[in-house]
1. Taking H as built 1.01 Å from N, whose amide H comes closer than 5 Å to the amide H of Ile226, not counting residues under 5 places away?
2. Among Arg259, Arg361, rank each residue by its count of other Cβ atoms within 10 Å, from fewest to most, as a rough exposure measure.
3. What residues have an amide H closer than 5 Å to that of Thr120, excluding those fewer than 5 places away on the same chain, when H is modeled at 1.01 Å from N in the peptide plane?
4. With 19 Å as the limit, write out which pairs from Lys170/Lys191; Lys110/Lys181; Lys14/Lys434 have Cα-Cα distances beyond it, or answer none.
5. I'd like to know which of Tyr439, Leu303, Ile383 lies farthest towards the positive end of the charge dipole of the range 271-453, counting +1 on Cβ of Lys and Arg and -1 on Cβ of Asp and Glu.
6. Going by how many other beta carbons lie within 10 Å of each one, how would you line up Glu356, Glu119, Glu224, Glu154, fewest first?
7. Counting only Cα atoms, I'd like the Rg/Rh figure for the range 271-453, Kirkwood definition for Rh.
8. Extension gain Ala377-Ser427, at 0.36 nm per residue separation less the Cα-Cα distance, in nm?
Amino acid sequence: MKVNNRGRKKINRKTSAAIGLAILLVVTIFVGYIALNGMWLDNRGLYKLLPWMPKTNVTKETWPKPIALGLDLKGGVYVEYEATLNDELKNDSNINFDTLLTNTMDIIAKRLNEKGYTETTVTKVGDTGIRVEIPDVTDPSVVLDLIGSPAKLEFLDSDGNVFMEGSDLKTATATVDENSKPALSFSLTDKGAKLFGDMTAKSIGKTISIQLDGKELMSPKVDEAIYGGSILVTGSFTKDQVETYALQLQSGALPLDLRQDKLDTISATLGDNALTTSVNAAIIGIFLVMLLMIGRYRLAGALASWALCIYIILMFLLIAVVPGIQLTLPGIAGIILGIGMAVDANVIIFERIKEEAYLGRPMMHAVRIGFKNAMSAVLDSNITTIIAAIVLLFYGTGSVQGFATTLLLSVIASMFTAITVTRFLLSRMVTLFKDPNLYVIGMKKHAVKPAAVAGEAK
């Protein structure tokens, strides 16, 4: 009876291991198919996860936007502005124009980054010019909407005189009113709160006008004096409108007045074939790495290659769903670096497993101890890389920030696949096939007599 129970347990373990591997294989193939070919979802059209436009004849309505590409891969548009002092600042002798120009450039960059165009470049042209380059935009007329016309907020009294400007604005947020309709919430500085309170006190029964870039947002009637510095602007707004207004205004009013000089398209800085060439090179490199892993670690290397495929699928998913990612060549380099980190982690783990196998330990025991011994080294290397990526993400700009974003995602994904997925695959494969020669080269040469490790192998 004991023999039968033990035999049943072995069969059950093998069956469970085989089912687990089969399920993961099906999931890998299915998700990989979605990543490459897409699938139809109810009320959402065709969902596709890949950085290339479809080759099939489908409409824009049924096909979602592809992964955004940077200037080096796809090009975009550029707009040039001429910056000048406004009437209020012209008479101020203490004004530093260069400082104001720098602040204006920072505000524009911030607005675009918050809209998801993280690879935008904002540069100085001459002494008074600003050039803004926005990637992955094909229609030049759209650029003005992307940048948001230089937001100039003005509060006018009933006679049309400006009594307060955007410089007195502290924050602007999209919210809802008491009827759950979209509204704008303004928070004013102490100076602005006093100005607004005094003006509303004089304007009871009259209307004041709130204008953005010379266009009236609304013209509310004043029923009472409003002090305290908090203003709720309601009206016939849509949700998108209030979010756009808040985004423009929360960056602060532009220190300088801007006049548009040029607006045109720019081609991919590295050529139209740069993406295809880079992807092909990555595919060749990944294939060679897989061959090396299989040749070096046999069945364990094949499982590591399987985990590597899962890593690539995960990166497709992350790049597609994480907002603000624009794929550039530095970004692709970050993804490939993540592949290297995953392979490095697997090499460390497999070497520890090999050491245990050379001592004569059963393969399941060797896998368990090998992962345990390798974990500190794997975590140390990945965590230090994550720290470096976070520093670059917060302090870098343009392509550096894009590289940091993809590097951070790739390291996290590679660490997950190396530690979790590879362990899952290897432990279940060892349950099915226990022969160490399937996983480790040179077992006969390094074989240890059972008596030497009898105590350890229990």
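1. Correct list: Thr200, Ala201.
2. Working: Arg259 10, Arg361 21.
The order, fewest Cβ neighbours first, is Arg259, Arg361.
3. none
4. Working: Lys170/Lys191 11 Å; Lys110/Lys181 28 Å; Lys14/Lys434 11 Å.
Result: Lys110/Lys181 exceed 19 Å.
5. Positive-most Cα among the choices belongs to Tyr439.
6. On the way: Glu356 24, Glu119 31, Glu224 8, Glu154 17.
By the 10 Å Cβ count, ascending, the order reads Glu224, Glu154, Glu356, Glu119.
7. On the way: Rg = 18.3 Å, Rh = 17.4 Å.
Result: Rg/Rh = 1.05.
8. On the way: separation 50, 0.36 × 50 = 18.00 nm, distance 2.03 nm.
That works out to 16.0 nm of additional length.
None of the figures in this text is laboratory data; all of them are computed from the coordinates on show. Here the structure is a predicted model, which is why all the values come from computation and not from measurement. Reconstructed Cβ throughout: ideal geometry from the backbone, glycine too, with neighbour counts over all protein chains shown.
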